[in-house]
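These notes are about the structure you will find just below.
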Amino acid sequence: MSTKKELEELIDEITFMFDSDNANQFTTKFFSSSLNLSRTATSEYLNELFKDGKLIKVLSRPVYYYSKKTLESLYGIKFDTNEFLSLEGLFNILDESTDDFHNVIGKNGSLKEALSRIKTALLYPGGLPMLLEGVVGSGKRFLVSSSFDFLKKRKLIEKDMNLVHFHPSYYDNENNMDTALFNPDFGFWNKAKGSMLYISHVEKLSVSLQNKLADKIDYKNTNNSDEPFLIMSTTKDISVLNEKLQLVIPIDIKIPSIKERPFTERKNILLKFLLKEEKSLGKKIILSKVALDELLDAYMESGVTKLRVDLRKLLSEVIQDSDDETIIIQRYHIPKTGKRVSFETDDSKELELMEISEHFSEERLEKTENIEYYSKLLKIFENYEKNKDFSRFIDESRALTRKYYDNIAFSKKINNFNESDSIEKNLINILDEIVENTRVVLPFNCVSLLSKEISQYLDERSYYEKWLFEKYFQIEELLNFFKIQMETAYLIADHIASILQERFSIIMPSMSKVFLTLNIYFYNRELEDRLTSGIIICHGYSTATSMADTANTMLGHQVFRGIDMPLHANVKEIALEMDNFLLNHKYLKNVILLVDMGSLSEIEKYLKIYTNINLAVVTNASTAVALYIGEGLLEHEEFSKIVSDVEVKIKTTSRIISLNKKKTAVLFISDMGLEVSKSISELVQQSLPRTINIEWICIDIDKMNNFFNNPIFADYDIKLIVGAEGLSKDIKTVSLEELVQPTDLSILDDILKQDLTYDEIELFHKNLLKNLSLRSVMEHITILNVDRLMDLTVDAVSKLQKNLNRKFLPKTLVGIYIHISNLIERLVTKNELQVREENTKLFEKNNREFILAVRNSFSNLLEDYNVEIPISEIIYIYDYISHDEKVVEEEL
């Protein structure tokens, strides 16, 4: 790679982290230092890249350079100029771009991802068709209107154009619907050319009209014309649509219902409606915070349509008691639902009457007690970074934490009291387990405060995450600081957070982990000596547990845990128990394992869960051995000394083994062959914004006699298997079909978030959407003409469904299309699947109707490529279809 190209890639990479606070990273000095170039050479390359139109140049002192394409991608804009006189001028342009959809409540919260995908579709050349999924009243129509305004603002359509809305329910039969939508003279489709067409309730179109719409979309996707921007919506999901239409919709967006939105958003939606009614009535509407809470409880379960009706009904009743200028909404005006926990209050601020505008919360996190606490804590850490005075950091953070207890313990800003109580019960259960193993001490109200804080985070997650994202680097630095300075406390806090998520699906925010770490550290200063645990494993009923109980009683502390194994249990079964223990005690540094048989002394050979701990295996387990080891642990003797001494003092053998963590890997498998696996792996890797510390491994499953005996599983920590489901209950799997039609990328996100930032993961999603479209995958895995192959394949599969009287799921359809494309190439290149002859004959005997249905359905496809489909390939199709879940039998 040339030096100039290296420089360009460096600028692309760091522009992803663009921020007003890190401007010094975009200077000639920084670039020359990073690439070990002279200032003169670097300056020459920068000017060349600028002249090539690849850089944005800011003519300040010093001069700044940014990647043009990266800024345009991040902010969804096109620069009219590549040169700015100041950073302020550049920031003004970027700030204007980020104000898109400014009227949408939730643009920085629950709708952030949806709006990002909408913008991706609208900014794609010519626009990508999209489907909005959401219940009645979720705000789909308003999002369409806002999208139309966005296009006008970006000058992608003319200002005098109108939004065209087609509603199938307005027409009583298919012919009228067809004429209204597709008539070449006055149909809605032609009316919308050069503008936007919105088809609501698209699922109400007949099958033939859905096919016709799919043809129109396909033409739009493959031709540069003035075809309309297209948004469709449904109150169901994409699976209710005809499969042909599904295949031409690249963007499918789920819109949350009103009751699924965060508290601040629900409040602002209600207030926005009240403001509209205020203008309509010509009267001021005033109410207290308590009355507003009651309104939210009474009316926010339904969608926006019913909300408008309910509020007007309420106001029509209240207005009778009001004067000429003001409408006062009191608590007694609002219907009681019995859902909200009611608290009588004498707080004058809670009862104070205020105008609507005074109740509004901006779409940012309000300065709550916990955000204020964490902001001050980060400031204390910032001061520590300057003076490196650890004692001062501890004293100041302890004083701040005590004050925080007083403030948040009695906060009234928790919206869901029942959820807070539920979280507290779960935390208490987890802490009871931790205390038993580590004897950790926490202040009385720590768990209560922590549960309230997590509850508030869950209700306002979108806005907390925005604050957490803004402070991401500072928080990461603080947590890394804790890992070093308060290692034990941090490991235990992290362990508690992991259990909370694994068992109860409750996510502890990173700052709550900071709070918990500090509390563990403040009240357990000798905790570093408690990182060694003892385990006793013996064969026989209650042998190990009785020995552990006796030792613990005599020692006066919970030191050992006993695991009883059946007499016939082998080493592998016992290793599985150890795996579970190590997985659930990641914070431990040392484990002393007492076993009753010499055959268990090499148990580490069978362990699958590897953590960075030292494991000592001591044979000839007995109460005497346990007491000797326990006394050493309680006296905080060194781990290695305890193990060596017990071997000398008591007749036993021991070994210390280091279990080192393996490198993370993602495994790609395809029954279509190794080349397909490699192609998909390449497409996923191409979607990454940069290289990360993960191995991407492709294997040929057909050449493996015993899958899990492959050395890969010994050498790597396999986090995900792509391409084959159900191989292992312990390793997450995702099928190729699910990647091509991604609805939930959280499995991938969980792996990538260790190496990539939030913005980088978002960019990965966008790249994956483009790189792993059905068309892109087929282009990547076949040498044949994709357009011709896709048309014939879709026709063949459609006929197969009719002949079998079945309708395949979308995921299954995608898999069949990909497989058949691969199948045709194999037949053309004479590389068909091999199946044992006896299996072929048995299949032919038992499945004659299916074989005939496949050959009839695929006749045009096979004739076009002048090939015949062998029984081995038909067997594969049969097996694939048989795994199609919830196959719907219906007349097609």
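The values are calculated or read from the model by the stated rules, or taken from the named source; none is laboratory data. These numbers were taken from a predicted model, which means no experiment stands behind them. Backbone-built Cβ (ideal geometry, glycine too); neighbour counts: all protein chains shown.
Values for this structure:
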read-out	value
Filter result (more than 15 Å from residue 355 (Cβ to Cβ) and of a type in the set (Ser, Thr, Tyr)) within the range 287-336	299, 302, 305, 316, 332
Filtered residue count, the range 44-72, keeping only those that are closer than 17 Å to residue 30 by Cβ, part of a helix (DSSP H, G or I) and either at pLDDT 90 or above or more than 34 Å from the chain's Cα centre (by Cα) (or both)	6
Of all residues in the range 171-186 being surrounded by 13 or more Cβ atoms within 10 Å (Cβ to Cβ) and either touching a Ser or Thr at 6+ places or on another chain (Cβ under 7 Å) or of a type in the set (Asp, Glu) (or both), the one that is modelled with the lowest pLDDT	174
Pick from the range 604-625, criterion buried (at least 20 other Cβ atoms within 10 Å of the Cβ) and not small (Gly, Ala, Ser), ranking: modelled with the lowest pLDDT	613
Residue check for residue 693: exposed (fewer than 14 other Cβ atoms within 10 Å of the Cβ), modelled with pLDDT under 65 and in the same structural domain as residue 675 (by TED's automatic domain parsing)	no
Residue tally, condition at pLDDT below 70, part of a helix (DSSP H, G or I) and more than 30 Å from residue 558 (Cα to Cα), over the range 425-468	6
In the range 696-715, the residues that are modelled with pLDDT under 80, within 19 Å of residue 735 (Cβ to Cβ) and surrounded by 15 or more Cβ atoms within 10 Å (Cβ to Cβ)	701, 707
Meets criteria (surrounded by fewer than 19 Cβ atoms within 10 Å (Cβ to Cβ) and at pLDDT below 75) for residue 396	no
Residues being surrounded by 13 or more Cβ atoms within 10 Å (Cβ to Cβ) and part of a helix (DSSP H, G or I) - total across the range 861-884	14
Answer residue from the range 249-282, given it is in a loop (DSSP other than H, G, I, E, B) and at pLDDT 85 or above and is farthest from residue 136 (Cα to Cα) among those	250
Criterion: in contact (Cβ under 8 Å) with a residue 12 or more places away in the chain, in contact with a Gly (Cβ under 8 Å, 6 or more places away or on another chain) and closer than 26 Å to residue 105 by Cα - qualifying residue of 232, 161	161
Considering residues of the range 223-281 that are among the aromatic types (Phe, Trp, Tyr) and more than 26 Å from the chain's Cα centre (by Cα) only, the residue nearest to residue 298 (Cα to Cα)	273
Of all residues in the range 631-661 being surrounded by fewer than 14 Cβ atoms within 10 Å (Cβ to Cβ) and assigned to a loop (DSSP other than H, G, I, E, B), the one that is modelled with the lowest pLDDT	660
Leading residue by the ranking (farthest from residue 524 (Cα to Cα)) among those in the range 384-408 that are out of contact with any helix residue (DSSP H, G or I) (no Cβ under 8 Å at 6 or more places or on another chain) and of a type in the set (S, T, N, Q)	387
Selection from the range 350-377 of residues that are surrounded by fewer than 17 Cβ atoms within 10 Å (Cβ to Cβ), modelled with pLDDT of 70 or more and under 30 Å from the mean Cα position of the chain (by Cα)	372, 375, 376
Counted residues, the range 662-690 - those being surrounded by fewer than 16 Cβ atoms within 10 Å (Cβ to Cβ) and either in contact with a helix residue (DSSP H, G or I) (Cβ under 6 Å, 6 or more places away or on another chain) or at pLDDT 80 or above (or both)	4
Failed condition for residue 285, given (1) crowded, with 20+ Cβ neighbours inside 10 Å; (2) in a helix (DSSP H, G or I)	(2)
Tabulated pairs, the range 242-257, first closer than 13 Å to residue 110 by Cβ, second not aliphatic (A, V, I, L, M), C-beta under 6 angstrom, 6+ apart or interchain	253/117; 254/133; 255/134; 255/138; 255/140; 256/110; 257/138
Yes/no for residue 305 being modelled with pLDDT under 85, within 21 Å of residue 256 (Cα to Cα), among the polar types (S, T, N, Q) and under 42 Å from the mean Cα position of the chain (by Cα)	yes
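This table checks each residue for (1) in contact with an Asp or Glu (Cβ under 6 Å, 6 or more places away or on another chain); (2) assigned by TED's automatic domain parsing to the domain that holds residue 7.
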position	(1), (2)
64	no, yes
70	yes, yes
79	no, yes
91	no, yes
146	no, no
